[in-house]
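Engineer: Please find one structure pasted underneath; my questions will follow.
The values are calculated or read from the model by the stated rules, or taken from the named source; none is laboratory data. Predicted model, so just to flag it, every value in this text is computed and none were measured. FYI the Cβ positions are ideal-geometry reconstructions off the backbone, even for glycines, and counts take in every protein chain you see. Accessible surface is based on the protein model in full, side chains and every heavy atom, while ligands, DNA and RNA are left aside. Shrake-Rupley method; radii C 1.70, N 1.55, O 1.52, S 1.80 Å.
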Amino acid sequence: MNKIVISTGGGDAPGLNAVIFAVVKSATKLGWDVYGSRHGYRGFLDRDEMVRLTPADVEGITPIGGTILGTTNKGNPFSMPVKNFAGEEKLVNVSDKVMEGFRRMGFGCHIAVGGDGSLEIAHRFAELGMPVIGVPKTIDNDLEATDRTFGFDTAVSTATEALDKLHSTAKSHDRVMVVEVMGRDSGWIALYSGISGGADVILLPELPFDMDAVCAKITENELNGKHYAIVVVAEGAKEEGGEVRNRGKGETGREEALLGGIGEWVAEEIRQRIGKDTRSLVLGHLQRGGSPTTFDRLLALRFGSAAVRMAAEGLFDRMVAWTPPNMSAVLLEDAICCRKQVDLESDKVLTARSIGICLGDKE
């Protein structure tokens, strides 16, 4: 073990650069050479996309958002979009070329930083013989095996700040403001920011909502002298008996549909049903950007350092997990088996109900 490689895949998240910094510094201290594969697995396929990383190269990157290596959510080597001579894009399995590149360049370990999709790909390469260690990254905080993923705290802080600012404009115009936040299958961002940002209604993917209940809450506000409301809705939320709204499949090579539209739909329903002046706002990728919070910086640094320690111990086909107060190694297979969803009986949900927040049901 004297030469390792790190890659960042999937959607970007604040804290990725902190992981890279910790990996480079920790590995260099052990006498190892560190390389970075640009845009996911591209460096394994094209030597020009593989870059040497020294402590000088990563100096000062910890507080910077994004990733110096770049990332992609349509770079699955087992189903990668490749253009033929006619200019047509087709999905091709290039995993054998990735394995060949890994061996040819003499790497002893691959540290793959990503969410459930990226870690599933990493696990498939581990089954092919690649020594892989996963680092969990998702602003949705939906990986079951770890208590928290870096990027989540920053995303929640961004969403909460937006809600804080919307209160004044909503109150000035007696409006209902509907804010759509990220959260495909898990409503952690909506729940945390909604409670902290003083929302009147929070709609989660875990709990199909009833528009009658949503409108009843806004009407109740009116009767109590509050003539505005803040509604937070996760992009994966859906009405009882309805479907998750999306904008189609997106680019070739992207396996999941592009979610979006539920915020505008909820706003229009409120407007038609009770006649309130209503606006909608999609925070979108704003939640992925910016400098990571102190919490996310520290967590990301701990993840990166722990990954190098696991490599030194030969703990492969595993993911670094934060199981407070320590870091631990869990099997990648177990880490990606299911997504962590909001427990509707949890203290946070009970807190929301206790302080008068409507969750879209009639409870």
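Engineer: Could you tell me which residue out of Gly236, Ile357, Thr71 lies farthest along the dipole of the chain toward its positive end? Charges go on the beta carbon: Lys and Arg +1, Asp and Glu -1, centred on the Cα centre.
Structural biologist: Thr71
Engineer: Please build a GNM for the chain, connecting alpha carbons under 10 Å apart, and tell me which residue among Glu264, Glu127, Glu345 fluctuates the most.
Structural biologist: Glu345
Engineer: Something else now. Tell me, what ³J(HN,Hα) does each residue in region 139-155 have, in order and in whole Hz, if you take phi through Karplus 6.51 cos²θ - 1.76 cosθ + 1.60 with θ = phi - 60° and put x for Gly and Pro?
Structural biologist: Rounded to whole hertz, the list is 6, 6, 6, 10, 9, 5, 6, 10, 5, 8, 10, 6, x, 5, 4, 5, 4.
Engineer: Now for a separate question. Using only the alpha-carbon atoms, what does region 106-186 span along each of its principal axes? Please give whole angstrom values in decreasing order.
Structural biologist: Sorted from largest, the Cα extents of region 106-186 read 62, 21, 20 Å.
Engineer: Now a separate question. With an 8 Å Cα cut-off and a minimum separation of 6 or more residues, compute the relative contact order for region 237-363 in percent.
Structural biologist: After rounding, I find 10 percent.
Engineer: Let me ask something additional. Helix-only estimate, please: 222 nm mean residue ellipticity of the chain, summing -39500 (n - 2.57) across DSSP H runs of length 4 or more and dividing by its residues, to the nearest 500.
Structural biologist: That comes out to -11000 deg cm²/dmol.
Engineer: In percent, what relative contact order does the chain have, based on Cα pairs under 8 Å that are 6 or more apart in sequence?
Structural biologist: So the answer I get is 22 percent.
Engineer: State whether region 117-161 is rounded, prolate or oblate according to the following rule on the C-alpha gyration tensor (a ≥ b ≥ c being the square roots of its eigenvalues): a/c under 1.5 gives rounded; otherwise a/b larger than b/c gives prolate, and the remaining case gives oblate.
Structural biologist: Verdict is prolate for region 117-161.
Engineer: Quick one: 3J(HN,Hα) in Hz for region 333-345, Karplus 6.51/-1.76/1.60 with θ = phi - 60°, rounded, Gly and Pro as x.
Structural biologist: Karplus values, whole Hz, x for Gly and Pro: 4, 6, 5, 9, 5, 7, 9, 7, 10, 5, 7, 5, 9.
Engineer: Going by amide H atoms built from the backbone, whose H comes under 5 Å of the H on Ser79, apart from near neighbours?
Structural biologist: Val94
Engineer: With r as the distance between the Cβ atoms of Met99 and Lys3 and R0 = 22 Å, compute the FRET efficiency 1/(1 + (r/R0)^6) and round to 0.05.
Structural biologist: My answer for the efficiency is 0.85.
Engineer: Label Leu258 and Thr54 with points 7 Å out from Cα along Cα→Cβ: what is the distance between them in nm?
Structural biologist: Roughly 4.2 nm, to one decimal.
Engineer: While we're on this one: Specify which residue in the list Cys338, Met310, Ala267 is farthest towards the positive end of the charge dipole of region 226-362, using unit charges on the beta carbon of Lys, Arg (+1) and Asp, Glu (-1), about the Cα centre.
Structural biologist: Ala267
Engineer: Could you tell me the calculated FRET efficiency between His285 and Leu223, based on Cβ-Cβ distance and R0 = 35 angstrom, to the nearest 0.05?
Structural biologist: 0.40
Engineer: Two-decimal Rg/Rh of region 1-122 from alpha-carbon positions, Kirkwood Rh?
Structural biologist: Using Cα coordinates only, the ratio equals 0.98.
Engineer: According to the square roots a ≥ b ≥ c of the eigenvalues of the Cα gyration tensor, what is the shape class of region 153-236, taking rounded for a/c under 1.5, prolate for a/b larger than b/c otherwise, and oblate for the remainder?
Structural biologist: Oblate shape, in that a/c is at least 1.5 and b/c is the bigger or equal ratio.
Engineer: Roughly how tilted is helix 95-104, in degrees to the nearest 10 and between 0 and 90, from the longest Cα axis of the chain?
Structural biologist: 50 degrees
Engineer: Also: For Met1, tell me the accessible area in Å² from a 1.4 Å probe, rounded to the nearest 10.
Structural biologist: The value for Met1 is about 90 Å².
Engineer: Then there is this: Once a ≥ b ≥ c are taken as the square roots of the eigenvalues of the Cα gyration tensor of region 206-354, is the result rounded (a/c under 1.5), prolate (a/b larger than b/c) or oblate (a/b not larger than b/c)?
Structural biologist: In terms of gyration-tensor shape, prolate.
Engineer: Given R₀ = 22 Å, what would the calculated FRET efficiency be for Ile274 paired with Glu363, taking r from the Cβ atoms and rounding to 0.05?
Structural biologist: Calculated transfer efficiency: 0.60.
Engineer: Taking only Cα atoms, what is the 0 to 90° angle, nearest 10, from helix 262-274's long axis to the longest principal axis of the chain?
Structural biologist: 0 degrees
Engineer: At what distance in nm do the modelled label points of Asp347 and Arg247 sit from each other, each positioned 7 Å from its Cα along Cα→Cβ?
Structural biologist: 3.9 nm
Engineer: Assigning unit charges at the beta carbon (Lys, Arg +1; Asp, Glu -1) and nothing else, what dipole magnitude in debye, to the nearest 20, does the chain show about its Cα centre?
Structural biologist: 1180 debye
Engineer: Quick check: the angle from helix 211-223's long axis to the longest principal axis of the chain, C-alpha only, nearest 10 degrees?
Structural biologist: The angle comes out near 60 degrees.
Engineer: With springs only between Cα atoms under 10 Å apart, run a GNM on the chain and tell me which of Phe295, Phe303, Phe44 wobbles the most.
Structural biologist: It is Phe295.
Engineer: If you wrap a convex hull around the C-alpha atoms of the chain and split its volume per residue, what is the figure in Å³?
Structural biologist: With only Cα atoms used, the chain gives 142 Å³ per residue.
Engineer: So with the 1.4 Å probe, I'd like the accessible area per residue for the chain, rounded to whole Å².
Structural biologist: 43 Å²
Engineer: Right, here's the next one. In debye, nearest 20: dipole of region 200-292 around its Cα centre with unit charges on the Cβ of K, R (+) and D, E (-)?
Structural biologist: 340 debye
Engineer: Towards the positive end of the charge dipole of the chain, with charges on Cβ (+1 Lys, Arg; -1 Asp, Glu), say which of Ala170, Ile20, Val201 has the farthest Cα.
Structural biologist: Looking along the dipole axis, the top candidate is Ile20.
Engineer: According to a simple spin-label model (label point 7 Å from Cα along Cα-to-Cβ), what is the distance in nm between Ala213 and Ile355?
Structural biologist: 2.0 nm
Engineer: Lysines near Lys348 by alpha-carbon distance under 16 Å, same-chain residues fewer than 8 away left out - which ones?
Structural biologist: Leaving aside lysines fewer than 8 places away in the same chain, those within reach of Lys348 are Lys340.
Engineer: What residue among Glu268, Glu333, Glu89 has the largest mean-square fluctuation in a Gaussian network model of the chain, using Cα springs under 10 Å?
Structural biologist: Glu89
Engineer: Quick one: Karplus J couplings for region 19-28, per residue in order, coefficients 6.51, -1.76, 1.60, θ = phi - 60°, nearest Hz, x for Gly and Pro?
Structural biologist: For region 19-28, the Karplus curve yields 5, 4, 4, 5, 5, 5, 5, 5, 5, 4 Hz.
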